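Just below is one structure, and these are the notes that go with it.
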Amino acid sequence: MRFSYIVRMRYIQLNPIQYEMLSRIRRQSLKSSVRDRAFSLLLSSQGQTVSQLSQFFDVHRNTIHNWFDAFEANSLVGLYDKSGRGGKFKLNVEHQSALLVWIKERPQNLDYLIHKVAQHFEVSVSRWTIKRFLKKQGLTWRRVKRGLPKQEEPEILEKKEKSLSY
């Protein structure tokens, strides 16, 4: 027995004002993702299928359907990404100010900072979280060199001094 699926063609119908606004967004938006979404809606209104659009934009068909759903639900606002995406920073303002004080106590010891944050604020942070925060604050650190600097032999040192004096 052979099954056949009914493929429903989906197109976006735009009024002239929406068409003009999408054209403007496509030309002037700073975000490429928003420009792509606006262009896909414009092409759909001109008769391009979802399959053609997914090939053109190199995205999955479901992505095109998500763009259409967002536009139909929220109009032009649906083209933009929602704020708050991505991982949230674990350290709030209070944690950050305390961290700056603690870094002055022991500037070479990140493990000390991790322990202090966990002890005082009951927040577990990684070395990388601390490093990212310190880098954002403009603080840098270097590995401590062990041992004394290498001393040059006296004959080589004399030759260098003579070459500099000329």
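The values are calculated or read from the model by the stated rules, or taken from the named source; none is laboratory data. Computed from a prediction, not measured in an experiment: that's the story for all the values here. Reconstructed Cβ throughout: ideal geometry from the backbone, glycine too, with neighbour counts over all protein chains shown.
Out of Q108, Q119, which single residue is part of a helix (DSSP H, G or I) and either exposed (fewer than 13 other Cβ atoms within 10 Å of the Cβ) or touching a Leu at 6+ places or on another chain (Cβ under 7 Å) (or both)?
Sole residue among the options that is part of a helix (DSSP H, G or I) and either exposed (fewer than 13 other Cβ atoms within 10 Å of the Cβ) or touching a Leu at 6+ places or on another chain (Cβ under 7 Å) (or both): Q119.
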Quick one: in the stretch 62-93, of everything that is loosely packed, with under 14 Cβ neighbours inside 10 Å and of a type in the set (D, E, K, R), which residue is modelled with the lowest pLDDT? R85
Go through the stretch 8-63 and report how many residues are among the aromatic types (F, W, Y) and part of a loop (DSSP other than H, G, I, E, B). 1
